[in-house]
Amino acid sequence: MRGRTSTWGRRLGAVAVAVGLTVSQGVAQATVATPPHDFTGDGHPDVLAVAANGDLYLYQGNGLGFSSHRRIGTGWQGFSAITSAGGDWNGDGHPDLLTRTSTGDLRLYHGTGSSFSGFTLVGTGWSGLAFMGPGDWDGDGHPDMIGRMANGDLRLYRGNGTGLAPGFTTIGTRWTGLKIIAPGDWDGDGHPDLLARSTAGDLYLYRGNGAGFMPGATVIASGWSGLKPIAVGDWDSDGHPDLLARTSTGLLRLYGGTGSGISGIGVTIGVGWGPFIQLA
């Protein structure tokens, strides 16, 4: 079960197959210098896709779309959430992957530059979070995690260089009416921001300030009710983060960043992506 993509650009090297079920013994010094979606280390963001049978596919970006794809794992259908980990948590130069199991365990899978080589349990009891957004939210050089609770509270879980520090800080309330979809530095000020979608399909930009969010929000797009955002990265290599989204008909569309938001005109870069149960 695979989506079809354009074949622009050169083909990248082969990707090794890894099941990723070995438990590691801890996480070393973390850094956020590595782009979170560049799993192959070639400077272009990539996409991970989980099929209904649990196969994990890596689609390798080439700056215009995707140049190739490979199966890199099996048994991934049991996760309720999969997200790029927002940085290199174990200091090996490769971005990592955060997953949440159906029982609420938070697992960090270690990137190798071609696949993932086992995981570290970094948290338990995460079932009640409706959204997980990794990034260096407090500007200390360590990847952090924000999560939204069922009551609408937005919590910041700070990274400490070895995982997540105990406790959390509530950085927002009354977020229940919004679908939080995409963290990224959308305004180019060095602080991660959030995109959120209203029930009417309007897309709001909440600007980060290094401790939370600035007052108010800006509507930067409309008509997003039928779109499922997938990943943030500089897909067109212009220095601005872009947004990748899947339509209800399985089209993969790229919305280019402008430095203050995103373009309202998307470009279709893939078809047949509807059957995938998780995309990251």
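The values are calculated or read from the model by the stated rules, or taken from the named source; none is laboratory data. Owing to the predicted nature of the structure, the values given are computational and were not obtained by experimental measurement. Heads up, the Cβs are rebuilt from the backbone with ideal geometry, glycines too, and the neighbour counts pull from every protein chain shown. Please note that ligands, DNA and RNA were not included when accessible areas were found on the heavy atoms of the full protein model with its side chains. Shrake-Rupley method; radii C 1.70, N 1.55, O 1.52, S 1.80 Å.
Brief remarks on what is shown
- Length-normalised contact order of the range 126-280 in % [C-alpha pairs under 8 Å, at least 6 apart]: 14 percent
- Rolling a 1.4 Å probe across all protein chains gives M149 an accessible area of roughly 40 Å².
- Within the listed set R71, R158, R174, the Gaussian network model of the chain (springs between alpha-carbon atoms below 10 Å) gives the highest mean-square fluctuation for R174.
- The chain pair-distance distribution - Cα-Cα, 5 Å bins, rounded %: 1, 6, 13, 18, 21, 19, 14, 7, 2, 0
- Around the amide H of I230, modelled in the peptide plane, lie the amide H atoms of L244, A245, R246, all under 5 Å away and 5 or more residues distant in sequence or on another chain.
- Other residues with beta-carbon under 11 Å from the beta-carbon of P183 carry, at +1 per Lys or Arg and -1 per Asp or Glu, a net charge of -4.
- Across V47, V271, V232, the residue with the most accessible area heads the list, and the full order at a 1.4 Å probe is V271, V232, V47.
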